[in-house]
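Chemist: I'd like to ask some things about the structure below.
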Ligand SMILES: [Zn+2]
């Protein structure tokens, strides 16, 4: 299931905009003969379980729909049973029907650099299971989803939303763009201090993933969970609306806008406003 969720976002970005290399990790693991390895994966002779490749026990978790390809070069994702930051506050909010603490998207999950300021390496994702289950229950209780939707479904959707948000941070920072750039060559420009830009982009990618779901009912339900989680959250988590609802918005324009920011030398021009200006240039192209 985890692969389906990461693939849904990353393969779509790859296929639609030429971002990222789904098989980047293969070269490191197997050397040069990438085509043979891909053929082996496609024919089911070699499987990947999110951590390692194998030729044994290729059971159901390896099986893919025809033509379905996995995005292998994903960051490390750790589903943790540890308490997240602000754990007590979150549980108290869930038990007493109070608003959730701010920054909730990045309390339920985290995109963390391996070391302080290690912008030249990809970070890791941590997903906090216990809090997600509690918050999922709260959202289910407070929102009307219709009788056919179960609490477990909402908890699972919340997992996916938090994972897409954190992957959104990884995409922004690390996924290579169509010019093979990452946002790591000038660390100062990739600065967590610019929360409105970085959170705005993570939310855009979350929205992109939801918006590209094929099933309309499912999409509507994901959107409801997303909106519920957004309630009472600080402005930076709402910035995607300024981007997406802009009259001249296109997803291609957004990706080009990020590509521009990645090569901008003037830190004052690495801003949400400048991103919006670039998006407008790509309107109707
Ligand atoms: Zn975030």
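Coordinate-derived values only; no laboratory data. What you are looking at is a predicted structure, and each value in this text was computed from that prediction instead of being measured. Backbone-built Cβ (ideal geometry, glycine too); neighbour counts: all protein chains shown.
Chemist: Pick from 90, 127, 38 the residue whose mean-square fluctuation is largest in a GNM of the chain, springs joining Cα atoms under 10 Å.
Modeler: The residue with the greatest mean-square fluctuation here is 38.
Chemist: Moving on. How would region 112-247 be classified by its alpha-carbon gyration tensor: rounded, prolate or oblate, with rounded meaning a/c under 1.5 and the a/b versus b/c comparison settling the rest? Can you show the working numbers first?
Modeler: Values: a/c = 2.10, a/b = 1.75, b/c = 1.20.
It comes out prolate by the Cα gyration axes.
Chemist: Same structure, new question: Place the peptides 101-110, 148-157 in order of packing, highest mean first, counting for every residue the other Cβ atoms within 10 Å and averaging per peptide. Before the final figure, lay out each step's value.
Modeler: On the way: 101-110: 21.1, 148-157: 16.0.
Result, highest mean Cβ count within 10 Å first: 101-110, 148-157.
Chemist: For the chain, what value does the Rg/Rh ratio take when both radii are computed over Cα atoms and Rh is the Kirkwood radius, given to two decimals? Could the numbers behind the result be given before it?
Modeler: On the way: Rg = 19.2 Å, Rh = 20.0 Å.
Rounded to two decimals, Rg/Rh equals 0.96.
Chemist: Counting other beta carbons within 10 Å of each Cβ, put 94, 246 in order, fewest first.
Modeler: Working: 94 19, 246 15.
Taking fewest neighbouring Cβ atoms as first place, the list is 246, 94.
Chemist: Taking Cα pairs under 8 Å and at least six residues apart, what relative contact order does region 158-285 come out at, in percent? Don't skip to the answer; put the middle values down first.
Modeler: On the way: 127 pairs, mean separation 34.9, N = 128.
Result for region 158-285 is 27 percent.
Chemist: Determine, for each peptide in 77-87, 270-280, the mean count of other beta carbons within 10 angstrom over its residues, then list the peptides with the highest first. Mind dumping the intermediate values first?
Modeler: On the way: 77-87: 14.2, 270-280: 17.6.
With the highest mean Cβ count within 10 Å placed first, the list reads 270-280, 77-87.
Chemist: With the Cα gyration tensor of region 201-254 in hand, convert its eigenvalues to equivalent ellipsoid semi-axes via √(5λ) and list them largest first in whole Å. Spell out each step's value before the answer.
Modeler: Values: eigenvalues 64, 56, 13 Å².
Equivalent-ellipsoid dimensions as semi-axes: 18, 17, 8 Å.
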